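The structure under discussion appears below in the form of structure tokens.
The values are calculated or read from the model by the stated rules, or taken from the named source; none is laboratory data. None of these values were measured; they are calculated from a predicted model. Glycine gets a Cβ as well: all are built from the backbone with ideal geometry, and neighbour counts include every protein chain shown. We work out accessible area using only protein heavy atoms, side chains counted, and drop any ligands, DNA or RNA first. Shrake-Rupley method; radii C 1.70, N 1.55, O 1.52, S 1.80 Å.
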Amino acid sequence: MTTDIRTLRTSGEEAFAQAAEARLAAEPTQGRIGELRRAAASAFAEHGLPTRRVEEWKYTDLRAAVREAPPLAGEVTASAEAEAGLRAIAFPGTERVLFVNGAYGRGASHLGRLPAGVSAVPLAAALASGSPLLDRIGGLAPQRYDAALALNTAMLREGLVIHVSAGARVETPIHIAHVFTADAPLSTFTRMLVVVEEGAQVAFIESHQGPDGIAYQANAATEFYVGDGAHVDLIRVQEEGDRALHLATLVVDMGRDVAFHAFQLATGAATARLSLYGRFSGSGSHAGIRGVNLLAARQHGDVTMVLDHAVPHCESRELFKTVLKDESHGVFQGKIIVRPDAQKTDGRMMSQSLLLGEFAQMDNKPELEIFADDVQCGHGATAGALDDDLLFYLLSRGIPRPDAEVLLVQAFVGEAVEYVEQEDLREALMARIVERLGKAG
Amino acid sequence: MDPSRVDFPPGPAGAPMDTMTMLDIRNLHARIDDREILKGLDLTLNAGEVHAIMGPNGSGKSTLSYVLAGKDDYEVTEGTATLDGEDLLEMEPDARAAAGLFLAFQYPIEIPGVANMTFLRTALNAQRKARGEAEISTPDFLRLVKEKASDLGISQEMLRRGVNVGFSGGEKKRNEILQMSILEPKLCILDETDSGLDIDALKIVAQGVNALRSPKRAMLVITHYQRLLDHIVPDVVHVMHQGRIVRSGGKELALELEASGYAAYGDAA
Ligand SMILES: Nc1ncnc2c1ncn2[C@@H]1O[C@H](COP(=O)(O)OP(=O)(O)OP(=O)(O)O)[C@@H](O)[C@H]1O
Ligand SMILES: [Mg+2]
């Protein structure tokens, strides 16, 4: 028998560990996935939630943020689904799949209508029928224990398995909309597995929304397998309610000659964390990962990523823009690993922040772990207030200060939004940014 | 109440004595950090007039324009400045603009990421709103900008760029005049708008400025060169020296300064 040296568990940790055990007992899965879930549950039971002494969570005290474990969400009701359908962001020209309080919204999603070359199955159905794609789930686990991902894996039930066939040119972006509608706190766990075959081209939008005032917890994990020569765009929009906890994990494996572009707009949640693990496993690939974080009041927003250049001739570009009002706290941690074989790696990481609130704070931690000699890697971080001279120029033309500030903030974040290739999505994102800036004024 | 000490015209029933005065600056002192730059400046501009200010480098001309426009780097320690009787110094810069003050900057800055068109439209609508007027319609706005921009030789491509981004020195100055033509201020302050302009651009800009001359508008033109004043003929020329207006005269004064410089004012130049 092992003795637990971490005697001081939070009730949240305790409750989640029990919930994971209970779900494993109630829904035991066989074979590899069953083992995966059991391993994740016992890893969580052993390591629990990270404190700030855990390097990857240095600036985000997850243990403190998860004092409570809200109950797991139950079945989706028709009325919740209808409400979610109304609330979900409508991106014109996209096909939408709806998740309501963490569960697949059958009535509002039309998987049969997905564009040619794309097929999707709810995870629960895939688990029941034993889809061969599931062999890939959990296959990209990060090197170190990740509490959010471990819990997500232990709870595996709700989600979506998406397959894009080789060579498919999918014009219509697929929007996976997560809407929280409950009026009491719940915990949700969703998992996406996306397999994009060779040479396919596809864009996904993943959105997360919920009401203010409710301390719900959303744990969303997505695994991407991007096949050789494929081109994948991912746009995440995180607009959770102001008391929510949003824990997102994004794991990406890139084959040869891949173009992978991710963009996150994060404006919601009391505490939000995006952990991104990207791995280049084929040469000649390019990853562009950008984001805009708009934080106000006492919001805490953390973006942490590890890009693992395991093979030569790959390129990674990261640009994150954080706008901090009031007493908000932003975090950017970015690590680029260049393995001994990964010659000719070209990696650039940049985090820029605008500190608008007197008590706002930004923590940046860039890291380079380079084991090859012929590489180009760089990182940078800037933090500052709005430029007084620019502001004065706008004011002097009669633009009131709040509007002038919005224009300048828009210009600041626009440099990251620019990278979204689809013009209509770019405009839709900018419109949400402007609306948010006006609201939090 | 002492009837002899009425500071403002008492309204419709009152005497029309002061209605012509647009800008009235009295004993203005301003400093930056601990250094006093404006040292008791007096200046009065009536509606319909064009005044030029000339003066050696560092005499405080740009400082005066910034103080009037409301740049908060400067601290006004004494004196008053009113626009149509309203206390300018109490107003925020955007309120001054809405009240009709416009400064064409000596060094216009670039604002990457804020498109010229967005900027112009936001400014125009903000001023209209502040004055209780309706927003301009999109077609009217586009027509207005197109007309004014082509008068000033500013291309549509330049209008699509960020404000002043990648503009040459002279293009930036023309863009200032474009903004002025669209915003139609009642008091135009031009801080060395002529510097950096080629000969043709100078004429174009002068035409733009002259087109705005009106009995209801006043202009304060800061320049180092008589050349501009051949095109924009001033009613009054002032000499500024060490933070004060030390001499005022007719347009001949500019010619005199061109010939003899500022040596007579004790400047070592
Ligand atoms: N931010 C500042 N800090 C310190 N001194 C300043 C600052 N701005 C202006 N000054 C000083 O104030 C004085 C007046 O400057 P100003 O720009 O008003 O002169 P000017 O008359 O416009 O000169 P020019 O003809 O060269 O444009 C100069 O001596 C200048 O160095
Ligand atoms: Mg000057």
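Restricted to the stretch B:39-67, and to residues there that are within 13 Å of ligand 2 (Cβ to nearest atom) and hydrophobic (A, V, I, L, M, F, W, C), the residue that is nearest to the other protein chains (Cβ to nearest Cβ) is B:VAL67.
For (1) at pLDDT 95 or above; (2) of a type in the set (Gly, Ala, Ser); (3) within 26 Å of A:TRP57 (Cα to Cα), each residue gets a yes or a no:
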position: A:LEU111; (1), (2), (3): no, no, no
position: A:VAL118; (1), (2), (3): yes, no, no
position: A:VAL121; (1), (2), (3): yes, no, no
position: A:LEU133; (1), (2), (3): no, no, no
position: A:ALA150; (1), (2), (3): yes, yes, yes
position: A:THR172; (1), (2), (3): yes, no, no
position: A:ILE176; (1), (2), (3): yes, no, no
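Is at least one residue of the stretch B:110-129 part of a loop (DSSP other than H, G, I, E, B) and within 21 Å of A:TYR393 (Cβ to Cβ)?
Residues of the stretch B:110-129 that are part of a loop (DSSP other than H, G, I, E, B), as a first pass: B:110.
So of that shortlist, the ones also within 21 Å of A:TYR393 (Cβ to Cβ) come out as B:110.
Within the stretch B:110-129 (the criterion being part of a loop (DSSP other than H, G, I, E, B) and within 21 Å of A:TYR393 (Cβ to Cβ)), the answer is yes, since at least one residue qualifies.
Screening B:ASN164 with (1) among the polar types (S, T, N, Q); (2) closer than 15 Å to B:MET117 by Cβ; (3) surrounded by fewer than 16 Cβ atoms within 10 Å (Cβ to Cβ) gives one miss only, at (3). Note on the stretch A:211-296: enclosed strands (runs of 3 or more DSSP E) holding 2 or more residues that are in contact with an Asp or Glu (Cβ under 7 Å, 6 or more places away or on another chain) and either surrounded by fewer than 20 Cβ atoms within 10 Å (Cβ to Cβ) or touching a residue at least 24 places away in the same chain (Cβ under 8 Å) (or both) are A:217-226, A:231-239, A:245-254, A:271-280, A:286-295.
Could you identify the single residue in A:GLY414, A:GLY357, A:GLY330 that is on the phi < 0 side of the Ramachandran plot, open to solvent by less than 20 Å² (accessible area, probe 1.4 Å), away from chain B (no Cβ under 14 Å) and at pLDDT 95 or above? Give the steps one after another, and end with the answer.
Numbers: A:GLY414 fails: away from chain B (no Cβ under 14 Å); A:GLY357 fails: at pLDDT 95 or above.
Matching residue, one of A:GLY414, A:GLY357, A:GLY330: A:GLY330.
For the stretch A:421-436, residues that are over 15 Å from A:GLN264 (Cβ atoms), part of a helix (DSSP H, G or I) and touching a residue at least 24 places away in the same chain (Cβ under 8 Å) total 2.
Could you please let me know if A:GLN352 is within 14 Å of chain B (Cβ to nearest Cβ), surrounded by 18 or more Cβ atoms within 10 Å (Cβ to Cβ) and within 24 Å of A:SER275 (Cβ to Cβ)? Before you say what the answer is, go through the steps one by one.
Details: within 14 Å of chain B (Cβ to nearest Cβ): yes; surrounded by 18 or more Cβ atoms within 10 Å (Cβ to Cβ): yes; within 24 Å of A:SER275 (Cβ to Cβ): yes.
Yes, satisfied.
Out of B:ASN164, B:ASN210, B:ASN175, one residue alone is among the polar types (S, T, N, Q) and in contact with a helix residue (DSSP H, G or I) (Cβ under 7 Å, 6 or more places away or on another chain). It is B:ASN164.
If we keep just the residues of the stretch B:113-123 that are open to solvent by 10 Å² or more (accessible area, probe 1.4 Å) and not basic (Lys, Arg), which is nearest to the other protein chains (Cβ to nearest Cβ)?
To start, the set of residues in the stretch B:113-123 that are open to solvent by 10 Å² or more (accessible area, probe 1.4 Å) comprises B:113, B:115, B:117-118, B:121-122.
Those still in the list that are not basic (Lys, Arg) too: B:113, B:115, B:117-118, B:122.
Values: B:GLY113: 3, B:ALA115: 9, B:MET117: 12, B:THR118: 7, B:THR122: 6 Å.
Filtering the stretch B:113-123 for residues that are open to solvent by 10 Å² or more (accessible area, probe 1.4 Å) and not basic (Lys, Arg), the one nearest to the other protein chains (Cβ to nearest Cβ) comes out as B:GLY113.
Mind listing whichever residues of the stretch B:37-68 are of a type in the set (Val, Ile, Thr) and within 14 Å of ligand 1 (Cβ to nearest atom)? Outline the logic, then answer.
Filtering the stretch B:37-68 for residues of a type in the set (Val, Ile, Thr) gives B:37, B:44, B:50, B:53, B:63, B:67.
B:ILE37, B:ILE53, B:THR63, B:VAL67 - these are the residues of the stretch B:37-68 that are of a type in the set (Val, Ile, Thr) and within 14 Å of ligand 1 (Cβ to nearest atom).
Filtered by the rule that a residue be open to solvent by less than 10 Å² (accessible area, probe 1.4 Å) and either within 13 Å of ligand 2 (Cβ to nearest atom) or facing chain A (nearest Cβ under 8 Å) (or both), the stretch B:69-92 gives a lone residue, B:ALA69.
Among the listed residues A:THR10, A:THR94, A:THR29, identify the single one that is of a type outside the set (A, V, I, L, M), touching a residue at least 24 places away in the same chain (Cβ under 8 Å) and either in contact with a strand residue (DSSP E or B) (Cβ under 8 Å, 6 or more places away or on another chain) or open to solvent by less than 20 Å² (accessible area, probe 1.4 Å) (or both).
On the way: A:THR10 fails: either in contact with a strand residue (DSSP E or B) (Cβ under 8 Å, 6 or more places away or on another chain) or open to solvent by less than 20 Å² (accessible area, probe 1.4 Å) (or both); A:THR29 fails: either in contact with a strand residue (DSSP E or B) (Cβ under 8 Å, 6 or more places away or on another chain) or open to solvent by less than 20 Å² (accessible area, probe 1.4 Å) (or both).
On inspection, the qualifying residue turns out to be A:THR94.
Checked against the criterion of being facing another protein chain (nearest Cβ under 9 Å) and at pLDDT 95 or above, the candidates A:ILE433, A:ILE399 yield just one match: A:ILE399.
Mind telling me which of the residues B:ILE177, B:ILE189 ends up being within 14 Å of chain A (Cβ to nearest Cβ), within 16 Å of ligand 1 (Cβ to nearest atom) and in contact (Cβ under 8 Å) with a residue 12 or more places away in the chain? So the residue among B:ILE177, B:ILE189 that is within 14 Å of chain A (Cβ to nearest Cβ), within 16 Å of ligand 1 (Cβ to nearest atom) and in contact (Cβ under 8 Å) with a residue 12 or more places away in the chain is B:ILE189.
For A:LEU62, indicate whether it is of a type outside the set (Val, Ile, Thr), out of contact with any strand residue (DSSP E or B) (no Cβ under 7 Å at 6 or more places or on another chain), within 27 Å of A:LEU134 (Cβ to Cβ) and open to solvent by less than 50 Å² (accessible area, probe 1.4 Å). In short, no. The residues of the stretch A:9-66 that are aromatic (Phe, Trp, Tyr) and within 24 Å of A:GLU158 (Cα to Cα), listed by number, are A:PHE16, A:PHE44. In the stretch B:98-112, the residues that are at the interface with chain A (Cβ under 8 Å from one of its Cβ atoms) form Cβ pairs under 6 Å with partners that are surrounded by 18 or more Cβ atoms within 10 Å (Cβ to Cβ) and among the β-branched types (Val, Ile, Thr), at six or more places apart or across chains, as follows: B:LEU103/B:ILE189; B:ILE111/B:VAL163. Consider A:GLY199 carefully, then state whether it is touching a strand residue (DSSP E or B) at 6+ places or on another chain (Cβ under 7 Å) and surrounded by fewer than 24 Cβ atoms within 10 Å (Cβ to Cβ). Considered against the rule, which asks whether it is touching a strand residue (DSSP E or B) at 6+ places or on another chain (Cβ under 7 Å) and surrounded by fewer than 24 Cβ atoms within 10 Å (Cβ to Cβ), A:GLY199 comes out as no.
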